[in-house]
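To start, the structure under review is shown below, and the notes come after it.
The values are calculated or read from the model by the stated rules, or taken from the named source; none is laboratory data. No experiment lies behind these values; they were computed from the predicted model shown. Note: ideal-geometry Cβ built from the backbone for every residue, glycine included; neighbour counts use all protein chains shown. Areas reflect the complete protein model, heavy atoms only, side chains present, ligands, DNA and RNA absent. Shrake-Rupley method; radii C 1.70, N 1.55, O 1.52, S 1.80 Å.
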Amino acid sequence: MSDCLFCKIAAGEIPADKIYEDERVVVFRDINPKAEVHLLIVPREHIAGLNELESGHDALIAHIMRLIQPLALDQGLESGYRTIINTGKDGGQEVFHLHIHLLGGRDLPGFG
Ligand code: 5GP
Ligand code: ZN
């Protein structure tokens with residue numbers, strides 16, 4: 001998608017503080033962090049959100065899920081972390097390119 005922010009970051013057209021990338025995924029720091037560690041895990045393929053997932057994405061999603069643990073350990077989050085996927089306008093999604101928030105650190109507030 002030519003006008004998608006996360007496609008442009010994945011392609012290197014817009015700078016970001018990338019901490020990991022491979023042929024399927026890029027991971028970079030959120031520009032407005034909500035915790036000590038706040039990463040965004042983003043597939044290179046443009047998928048608008050959870051509602052647009054198809055069976056053809058299964059291997060990609062498994063790859064992303066299995067990346068979370070080593071990323072968290074690399075960030076020093078041995079004692080725990082939180083993952084969030086916002087979906088749709090009422091779910092708080094602002095960037096319509098699928099991404100997982102990985103949050104951790106001392107200041108993580110309770111959830112409800
Ligand atoms: P959403 O609300 O869609 O789940 O999350 C979008 C996230 O992207 C927000 O936490 C926001 O701070 C982050 N974000 C928005 N624009 C940029 C940007 O240009 N660079 C980076 N690194 N993060 C961004
Ligand atoms: Zn995109």
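Residues of segment 1-18 that are within 11 Å of ligand 1 (Cβ to nearest atom) and not acidic (Asp, Glu): 5, 6, 8, 9, 14, 15, 16, 18. For segment 64-112, the set of residues classified as aromatic (Phe, Trp, Tyr), buried (at least 16 other Cβ atoms within 10 Å of the Cβ) and more than 16 Å from ligand 2 (Cβ to nearest atom) consists of 81 only.
Each residue in segment 76-112 was checked for being farther than 16 Å from residue 48 by Cα, in a loop (DSSP other than H, G, I, E, B), out of contact with any Leu (no Cβ under 7 Å at 6 or more places or on another chain) and of a type outside the set (Asp, Glu), and 11 pass. If you go through segment 10-42, how many residues are over 16 Å from residue 93 (Cα atoms), surrounded by fewer than 13 Cβ atoms within 10 Å (Cβ to Cβ) and of a type in the set (Val, Ile, Thr)? Result for segment 10-42: 1.
Does segment 43-60 include one or more residues that are near ligand 1 (Cβ under 10 Å from one of its atoms) and open to solvent by 40 Å² or more (accessible area, probe 1.4 Å)? Walk me through it before giving the result.
Looking only at segment 43-60, we keep the residues that are near ligand 1 (Cβ under 10 Å from one of its atoms), and these are 49.
Now restrict to residues that are open to solvent by 40 Å² or more (accessible area, probe 1.4 Å): none.
No - not one qualifying residue is present in segment 43-60.
Which one of 40, 67 is part of a strand (DSSP E or B) and touching a strand residue (DSSP E or B) at 6+ places or on another chain (Cβ under 7 Å)? Before the answer, list the steps.
Working: 67 fails: part of a strand (DSSP E or B).
Within the list 40, 67, the selection yields 40.
When residue 97 is tested against (1) without any contact (Cβ under 8 Å) to a residue 60 or more places away in the chain; (2) out of contact with any Gly (no Cβ under 7 Å at 6 or more places or on another chain), exactly one condition is not met: (1). For segment 1-60, the tally of residues that are within 11 Å of ligand 2 (Cβ to nearest atom), more than 29 Å from residue 106 (Cα to Cα) and among the β-branched types (Val, Ile, Thr) stands at 1.
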